[in-house]
Every structure is written in C-alpha cells, then in structure tokens.
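Some notes on the structure that comes next.
Values quoted throughout were computed directly from the atomic coordinates according to the rules given, and no laboratory measurement underlies them. No experiment lies behind these values; they were computed from the predicted model shown.
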Amino acid sequence: MAASVGKPISIDSATRNKTRPSSARVKVEVDLLQSHPKSVLIQVGEGAEITSTQQRIRYDFLPKYCTNCKLQGHDAIGCWKLNPELRPNKENPAVARGLTAAGRRKKPGKVNSELILGEEKKTDPG
C-alpha cells in the first residue's frame, strides 16, 4: 500500500508486530511535485471470492514546496520572490513580528514525515 504513495522507508513497531490491525503507520519518501492519492484500492481474496475496498490515506505531515524558488517551507502563495510585499520590512511591521497580513499570529508548523494508512475510526454519539 505504501508503495502507491512513495518509497517506503520504515514501518512502526505496532504495524510490524500486527498489534494494531485497524491501521498501518509507514514512513515514506514522497515527491512533492507529484499529486498525492487520498485513497488506495485494496483487493482481498482468491478466484471468485475477491472483495474490494477503498482505503483512505491520511498524511501526518506533507511540507509545502515552492515551485518558483524550489524551497520547502512555503508554497508559491507565500513566496517572497513572487510576492515581495510578504517580506518583513519597515513598511510592513506585522510581517516582521510573525503576523499574517490580517494581523493574526502565524502557527508554527509541526515536523513529522510519517504517513498513516488506516481506517477512519467511527464513534457513536449516543
């Protein structure tokens, strides 16, 4: 399954030991310039007894990549080369203080390159 997303690098211990059957956690190397599938088709069985199901893929972290300056951490919308008005300067002190143009504090990104392949847990509200 992980090979349909990218190059598998490692598997967590619960997946390796099959102690968590509801999901699989795999670290994969992905090409940031390619599209990333949201699900994968799984077929189980033999002969006429084949059953198929769509398995949802959840990405823990997929870094932004700027196709303009070829750097990770921002996309073309946040690129200083394409949008020089985003660069911190005296005329735009909100950007220099780590605020967005609307004056909101930027949230720090979480760095985690693992991928979770698994079923979505459904809970009964009642």
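A few remarks follow.
- Restraint check, 7/81; 7/38; 27/64; 7/64, Cα-Cα greater than 22 Å: 7/81
- Taking 0.36 nm per residue of separation and subtracting the Cα-Cα distance, full extension of the segment from residue 72 to residue 9 would add 20.7 nm.
- Amide H contacts of residue 28 (H built 1.01 Å from N, in plane; Pro and chain starts excluded): 9, 115 sit under 5 Å, all sequence-distant by 5 or more or on other chains.
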